[in-house]
Each structure stands twice: as structure tokens, then as C-alpha cells.
Amino acid sequence: MLNQLDKIKIVEAIEPQAGASISGYCLSMKNILKMLIVVQITQAASNTVAITIEQSTAVAKTSHTAITQVVPIWSNLDTDTSDVLTKRTNAVSYTTDAGVNEKIVVFEVDASKLDTGYDCINVLTGASSSANITSALYICELRYSGADLDAD
């Protein structure tokens, strides 16, 4: 992977922010083969954090709806004690446990698995405690070197 960094782009999906429902940056997948959505959570209060992935027909979040095809999900629910990601059941969403820990949740989204007519993705979180801080990155595998991610 590191020898092909010209085919990888990293985009901030959610800048670090507290507690409320968050709708992340919407990104076109027209020039993306696959994407890892990496969500980091500093869970300082025992409120769970629900994470969903939406698809839409444009980056303006036109006709947005939750993805319907399950995707692989991994998580580490206590990054202070381990660096191991645990494979979870494939699904269209994931909710953290209530443990007060630093967490990482990773979704793998294949552009070819989006519903017909949908080619944009964004990550969302449900409302949680204002003490919980969430951020997210899109790590994109491009179809070809230097591909434009803003194409809609």
C-alpha cells in the first residue's frame, strides 16, 4: 500500500467535535474503488455512539439514504489497552458500547456496492453526550493515480 500512495487520498470526513448528531463531509465515489471510513471517538461519557453510512446521488446530499448493502466493520473499543481491531458482523451501521474509552471504528465501503444511481457517501453519528468527541477520515483507494475526488 505504501508503495502506491499516488493512488490513495485521505479526506477529513468529520473534524473533531462533541456530542451532537454529526453529518460528515459527503464525497463522490466516482473515482474511488474502495474507501475505509475511520471513526475515532473519545468517549468520556457512557453514552453510546451510533454510526451510519449514507449514500446520495450528489455531494449536496441529494436523495440521501442509508446504505443497503452490508459492509465489513472492525472496531477497537479501548485503544489505550490494545491496538487490535476486532472484526464485527458486516452491517450498514455500528453502535459503540457504553465503555468510557478511546475507540476506533472502521467501515470498508466498495463503490460498486452502492445502490443504482447512488455514487456519493457520507458518515453520520447519532446524538451522544457533549463529553464525547468524534472525528472521522475517509481513506480512499483511487481508480487511477491523481484522480479528482470532487467530481460529482
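The values are calculated or read from the model by the stated rules, or taken from the named source; none is laboratory data. Predicted, not measured: the structure shown is a model, and the values here were computed from it. Positions of Cβ are generated from backbone atoms using ideal geometry, with glycine treated the same way; all protein chains shown enter the neighbour counts.
Take the conditions more than 13 Å from Ile53 (Cα to Cα) and at pLDDT below 95 and apply them to Ala111. Does it pass? No: the conditions fail for Ala111. Would you please name the residue that is surrounded by the fewest Cβ atoms within 10 Å (Cβ to Cβ), looking only at residues in segment 5-35 that are more than 13 Å from the chain's Cα centre (by Cα) and among the polar types (S, T, N, Q)? Ranking the candidates gives Ser21 first.
Pick from Asp97, Asp80: which is in contact with a Leu (Cβ under 7 Å, 6 or more places away or on another chain), of a type outside the set (Val, Ile, Thr) and surrounded by fewer than 17 Cβ atoms within 10 Å (Cβ to Cβ)?
Details: Asp80 fails: in contact with a Leu (Cβ under 7 Å, 6 or more places away or on another chain).
After ruling out the rest, the residue left standing is Asp97.
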